[in-house]
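Asker: Handing you a structure now.
What follows is calculated from the coordinates using simple rules that are stated; it is not laboratory data. The structure displayed is predicted, hence computed values, not measured ones. Note that we place each Cβ from the backbone using ideal geometry, even for glycine, and neighbour counts take in every protein chain shown.
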Amino acid sequence: MTSLLNNNRPPVFCPGCAHETVTRALDQAFCNMQIQGRDIVIVSDIGCSGLFDTFFHTHAFHGLHGRALTYATGIKLACPDLNVIVTMGDGGLGIGGAHLLSTCRRNIDLTLLVLNNFNYGMTGGQFSATTPQESQVGSAFLNRIEKPMDVCQVTAAAGAGYVARSSVYRNDLALEIKKAIRFKGFSVLDLWGLCPGRYSKKNKLSPKTIQQTIARLPAVTGPVQANLRGEYGEQYRAMALKAEPQAQPVKIEKQYPPPSPKRSGIIILGGAGQRIVTGGELLCYAGLTAGLNAAQKNDYPITVLRGHSVSEVVLSPETIDYTGIDTPDVVLALGPEGVARRTNLFKKLKSGTTVIQAADVPIPDCAGKIITIDFQAIRIKAQDRALVGLSILAGLKTVITMEMLKEALKIRFKGKVLEKAMALVDT
Amino acid sequence: MAQNFMEGNEAVAWGAFRAGCRFFAGYPITPATTILNTMLKLLPPAGGICIQGEDEIASMGFCLGASMAGMKVLTATSGPGISLYSENISFAIGSEIPLVIVDVQRLGPSTGSATRGADGDIQFLRWGNTGGLPVVVLAPVNAVDCYQLTAHAFNIAETLRCPVFIASNKETGMTKESFDMDAVELPKIKNRIRYTSDKPFLPFAARNDHAAPEYLPIGGPALVRQTSSTHGMDGYITVDREVIAKNQDRLEKKLKTCVDQFTFYDFFDADTDTLLITYGVTSRAAKTALSGLNAAGTPVAHLILKTLWPVLENLIRKIAAKFRKIVMVEMNLGQYAREIRRILNDKPVAFFGQMDGNMISPSRIKEVLTHDQPAQ
């Protein structure tokens, strides 16, 4: 198999740069594996490692600093058969740290070559996430007070299926790369090499010392037993196959005449757990059964099971433009939290406003017509207050009717839940 | 008569799905999360991909990679997420990567108020990229628009190879409302123009000085290069100033010369000297206010802009020509009024803005219109 190197664009690295060694080994790995250029995409990061895609006759994607793994993930999910190789320096590793960890956790079938030369070569030799604390770098003393990270320890801990550390000066580097590409899942190669332009002028580092240092560290040579598992894309596709197709959105037919020819604004004030939002939705469904237009907005805090829950509903035979309710026609005061949230509302009520008030929920003085229900006396649980409140409203035949509400229940619920709801509105 | 009932956000997701979108990546954020939720229901059973990124930057990265591999992609967020999208938005503009981005705006600045509406990102969407090249921004008024404009957004993104924004608002995205989905006419689906010649493929070669390059996917039989660097037609870095200038010029013209293809607006004429201009959810309060004024015999004409960027300069000038007084009302402190004043510099443009997390009410708009000097 012939080389995939682009003869028109030979490597342009500084003399003695480790990246050039990796470029040739990567090409050799492609040749050994007999992969065609069209079956490969090289996704390159920023910095000197960002030049890799230009040297090869393959698909290429070169984007923003630290984000190479994200582009590669999108490409791999769209093209599961493509060999996706990511080249990134120790700079991209640091700036894209969240992506590195998440890619390990996903175990998506990408091959990451970390061209680790312990500094930011392109910008003048500043320290990176892997620079030893004792090194002389272009960031004054700053590297002395930051602990470098061990790429292999971090990626293995984060769940990468394949992690190997290697000197770029190994004779069998191409084989190392080939093994990483072959691995089905996320493979990380931490490749240590020299940056003669910026780093090794001031720091004693040579192919020999690199090999010695790596030899002193615990060996990290490939598959991480604890992390071996299914590949992300394969698992995604298998699970997606089992997902139920989404039904078309519910469509509600007009079946009944609306009880009122005018726009109504209804505000349900309650607390978490009282099914206020479901109540608002049922009210809208009921309106739709009479051919009314409906709009619903809800207001609740970021916490669940605690605090206010407010639902605002507009029903109208006309198109609903403004969805706000300046003066409501109906207020259901079912919980103190909701009342507290909208205290000011009560001042604005007019004599024509219907207020359906739970007996145990105090409300401010107001001009509305108050109907009090003692939910406790009739043994209605907190979660059923909204529905029972709506059945009281339906009984008034002003905004909705009982037949509209029952139809809404039939659309919204099925089986036992429906039976229970029907029984509640009949009480 | 039969109607559906859904949030603007759900309508966006359905519009995207019906336009052929099969890839979504996003990070949950109120008030945009229900787009992710809906896509999670729609895409996996349809053979599509819906993933949650570790952050907004990753989500955008996934989308850009998948788009260049040939998928129609959508992402959705709110202001804080748009901030994180910024560098990848610049990439998508400069390297002509189709995608649709929904910004369900919430009150800013910064994390602001998660559950409060605003139209505070209108200039940010236009200028929140390096280089300042144009983008397309469409602003839905209601759930119908969310559904329909999202489908249009895909056609624009795919044929012009550019990011297209849907500038929604918490008040549109998270309000459920009734409409008949089947009665909404969706545009015919348009796809990227594929390169079909036998000659070697140049990924950034365009037919003329205002066209998008013809497309081939990464992963196909012909090799494709994509790059965020300043590039020539071959997708390799260039320092040739003529090539660079010509390409920037093409990116500018590409959108501006075909604004006719995505000119979306509603105009309600009236026998009056005053024209009210609005966009987004504020248009609804304006309509309510204007129907009151109309009934009172003091009508005001109304222009609802649904394409915000590129600014519909000719259309706005033409419509405004016969009016003596222009009034702009929006949910920020005057972002789009700047554009209107720039275009209609021979007329007084009064402005009212509100940025308190609440919709501007019809009564406020009525006050603004009936007083000679608006509040601001």
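Asker: Jot down the radius of gyration and Dmax of region B:160-313, Cα atoms only, both in angstrom.
Answerer: For region B:160-313, the Cα-based Rg and Dmax read 22.1, 68 Å.
Asker: Further, regarding this structure: Please report, largest first and rounded to whole Å, the three semi-axes of the ellipsoid equivalent to region B:1-262, where each semi-axis is the square root of five times an eigenvalue of the C-alpha gyration tensor.
Answerer: 30, 20, 17
Asker: Once the Cα gyration tensor of region A:212-334 is diagonalised, what are the square roots of 5 times its eigenvalues, in whole Å and ordered largest first, as equivalent ellipsoid semi-axes?
Answerer: 53, 22, 12
Asker: A further question on this structure: Past 27 Å, Cα to Cα: identify those pairs from A:147/A:208; A:414/B:170; A:297/A:369; A:254/B:188, in the order given.
Answerer: Check vs 27 Å cut-off fails for A:414/B:170; A:254/B:188.
Asker: Continuing with this model, one more query. For the pair residue A:351 and residue A:383, how long in nm is the line joining their label points, each one 7 Å along Cα→Cβ?
Answerer: 4.3 nm
Asker: Just the Cα atoms of chain A: what Rg and Dmax do they give in Å?
Answerer: Reported Rg and Dmax, both Å: 33.2, 91.
Asker: What's the local net charge at residue A:115, with K and R +1, D and E -1, over the other residues with C-beta under 11 Å away?
Answerer: -4
Asker: When Lys and Arg each count +1 and Asp and Glu each count -1, what net charge do the other residues less than 14 Å away from residue A:255, Cβ to Cβ, add up to?
Answerer: Local net charge: +1.
Asker: Run the simple label-point estimate for residue A:251 and residue A:215 please: 7 Å along Cα→C-beta, distance reported in nm.
Answerer: So the label points at residue A:251 and residue A:215 sit 7.6 nm apart.
Asker: Same structure, new question: Within 10 Å of each Cβ in A:243-253, how many Cβ atoms from other chains are there, averaged over the peptide?
Answerer: Mean partner-chain Cβ count within 10 Å for A:243-253: 6.
Asker: Could you work out the equivalent-ellipsoid semi-axes for the protein assembly as shown, taking the square root of 5 times each eigenvalue of the Cα gyration tensor, largest first, in whole Å?
Answerer: 55, 32, 23
Asker: Right, here's the next one. Can you list the GluC sites (Glu not before Pro) in region A:308-371 that are in a DSSP coil and have 12 or fewer other beta carbons within 10 angstrom?
Answerer: Of the GluC sites (Glu not before Pro), the ones in loops of region A:308-371 whose Cβ has at most 12 other Cβ atoms within 10 Å are A:318.
Asker: How big is the Cα convex hull of region B:137-208 in projection, averaged over all directions, in nm²? Don't skip to the end; give the middle numbers.
Answerer: Values: hull surface 25.8 nm².
Averaging across all directions leaves 6.5 nm² for the Cα convex hull.
Asker: How big is region B:236-376 along each principal axis, measuring the range of its Cα positions in Å and listing the largest first?
Answerer: Computed over the Cα atoms, the extents are 63, 33, 25 Å.
Asker: What is the mean projected area of the alpha carbon convex hull for region A:37-187, to one decimal in square nanometres?
Answerer: Over all viewing directions, region A:37-187 projects a mean Cα-hull area of 8.7 nm².
Asker: Count neighbours as other Cβ atoms within 10 Å of each site's Cβ, and list the GluC sites (Glu not before Pro) in region A:361-427 that are DSSP loop with at most 10 such neighbours.
Answerer: none
Asker: Over the Cα atoms of region A:254-306, what Rg and Dmax result, in angstrom?
Answerer: That works out to 13.2, 40 Å for Rg and Dmax.
Asker: Lysines within cross-link reach of residue A:76: Cα-Cα under 27 Å, excluding same-chain residues under 8 positions apart?
Answerer: Cross-link targets: A:178, A:179, A:184, A:242, B:41, B:72, B:190.
Asker: Once phi is turned into θ = phi - 60°, what whole-Hz ³J(HN,Hα) does the Karplus curve with 6.51, -1.76 and 1.60 give for every residue of region A:43-56, x standing for Gly and Pro?
Answerer: After applying 6.51 cos²θ - 1.76 cosθ + 1.60, I find 9, 10, 8, 10, x, 5, 5, x, 8, 3, 4, 7, 8, 10 Hz.
Asker: Ok, one more. Using a 10 Å cut-off on Cβ to Cβ distances, tally the other chain neighbours for every residue of A:294-307 and report the average as a whole number.
Answerer: Numbers: counts 6, 8, 7, 9, 4, 2, 1, 1, 3, 0, 0, 0, 0, 0.
Rounded to a whole number, the mean comes out at 3.
Asker: Here is a further query. Over all distinct alpha-carbon pairs, what is the Kirkwood Rh of region A:264-426 in angstrom?
Answerer: About 15.6 Å, per the Kirkwood formula over Cα pairs.
Asker: Once you mark the trypsin sites (Lys or Arg not before Pro) that are in a DSSP loop and have at most 13 other Cβ atoms within 10 Å, what is the longest gap between them in chain B? Write down the numbers at each step before the final one.
Answerer: Details: sites that count: B:188, B:207, B:322, B:324.
My reading of the result: B:1-187 is the longest stretch.
Asker: What net charge do the residues around residue A:220 carry, taking every other residue with its C-beta under 12 Å from that of residue A:220, with Lys and Arg at +1 and Asp and Glu at -1?
Answerer: Once positives and negatives cancel, what remains is -2.
Asker: What does the convex hull of the Cα atoms of region A:111-266 come to per residue, in Å³, rounded to a whole number?
Answerer: Numbers: hull volume 40.1 nm³, N = 156.
Expressed per residue, the convex hull around the Cα atoms of region A:111-266 is 257 Å³.
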